[in-house]
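See below for the structure under consideration.
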Amino acid sequence: MSQPAVERTEATPVPAKRGRERIVLQRLLPFLSLIILFVALAISSKHFLTNTNLSSVVRQTAVINIMALGMTMIIINGGIDLSVGSILAMGGLLGTMAMEMGLSIPAGILAGIATGLLCGLANGLMITQLRIAPFIVTLGTLGIFRGTALIISNGLPVHRIPQRFSFLGEGNVLGVPFVLWILVACGLATHVVLEHTRLGRYTFAIGSNREAAVYAGIPVKFHTTAVYAIGGMLTGLAGMIEASRLMTGQPTAGQGYELQAIAAVVIGGGSLQGGEGSVVGTLIGAFIMGLLSNGSDLLGVSPYLQQAIIGAVIILAVTLDELRKRGTASA
């Protein structure tokens, strides 16, 4: 009678151990996918590993990466921002207009970042003060910010900007694209905020259980607004980098970028239900998106098919996240 009891006791840790191994494997999946994709493209195209192409991938992906860092904080908080593409356009447009009117390049860049900060702050205040769902608020401001950019510019791009401004998006420092240095700095700053500050701890707490956070005395409205403001600020910086790469302030820039930013977070392990996400995961997710786009161009894949691939990848990533949660719950 005692022998079966001993066997059950010894076997009890096995499911838990397997559950932990499954979680670790699923968290490593984005990184493994990035490696596999990189190797596959290197084999498929002789142009992939050239310095010119890899630099191009870094420059193109940096914009989405920086936007996605802000989106990571927002999604961890339990929200979403559909207006980031329009914020990018507003930031890039007003920043280049400031330079066109005679302000210095640093002042113009700060103007673009400040524009993004104010747009994000407006989103956060409407969500917290009016108690409207983030999806609805940012869906509305997507149109408001885009329409405002078109009205301010009369639908025309800004061209008369200093040639030296191109260094922000196209320059090199120590043989490395300057935007990569900016991305590393933004990534480290975001990681520190999320992992080592009160704002970061509260962001995870709010996203995991908003009601519990309220009862715990966390200033939910203040920290939610702060997260949207930071996301807008990073998007404003991305808008200035985009304007620098194109050497023009486009009121139509950033269309569809919100999809790519959200996809980067989800592919990197972030949960649309809130409470989960990481800077490293988001960066990996964004580079997967960048490599998919670059590889599709090198292999002659239709850009229309690229959009379908992005949509399919988002659904797959969310499905894997749901399966992981169900597996964890059952374990």
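What shape does the range 174-331 take by its C-alpha gyration tensor, where a ≥ b ≥ c are the square roots of the eigenvalues and a/c under 1.5 counts as rounded, a/b above b/c as prolate, and the rest as oblate? Because a/c hits 1.5 or more and a/b fails to exceed b/c, the range 174-331 counts as oblate.
Annotation: the residues Arg198, Arg210, sorted from fewest to most other C-beta atoms within 10 Å of their own C-beta, follow the order Arg198, Arg210.
The Cα center of the range 40-59 and the Cα center of the range 218-242 differ in position by 32 Å.
Within 13 Å, Cβ to Cβ, of Thr141, how many net charges do the neighbouring residues add up to if Lys/Arg are +1 and Asp/Glu are -1? So the environment of Thr141 carries a net charge of -1.
Rounded to the nearest 20 Debye, what is the dipole magnitude of the chain about its Cα centre when Lys and Arg each give +1 and Asp and Glu each give -1 at the C-beta?
Numbers: 20 positive and 14 negative charges, 70 e Å.
Taking the Cα centre of the chain as origin, the dipole is about 340 debye.
Run the numbers on the range 105-240 and let me know its relative contact order in percent, using alpha-carbon pairs under 8 Å that are six or more apart.
52
In this label model, Arg201 and Leu28 are separated by 3.1 nm, measuring between points 7 Å along each Cα→Cβ vector.
Computed extension gain for Met101 through Ile136, at 0.36 nm per residue and net of the alpha carbon distance, reaches 9.1 nm.
Report summary: the helix-based calculation at 222 nm, which adds -39500 (n - 2.57) for every DSSP H run with n ≥ 4 and divides by the residues of the chain, gives -26500 deg cm²/dmol.
Would you look at the GNM of the chain, springs on alpha carbons closer than 10 Å, and say which of Val279, Val63, Val193 moves the most? Top of the fluctuation ranking is Val193. Taking a ≥ b ≥ c as the square roots of the Cα gyration tensor eigenvalues, the chain comes out oblate, since a/c reaches at least 1.5 and a/b does not exceed b/c.
Rule-based calculations on the coordinates, nothing more; no lab input. What you are looking at is a predicted structure, and each value in this text was computed from that prediction instead of being measured. Here Cβ is always computed from backbone atoms with ideal geometry, including for glycine, and neighbour counts include all displayed protein chains.
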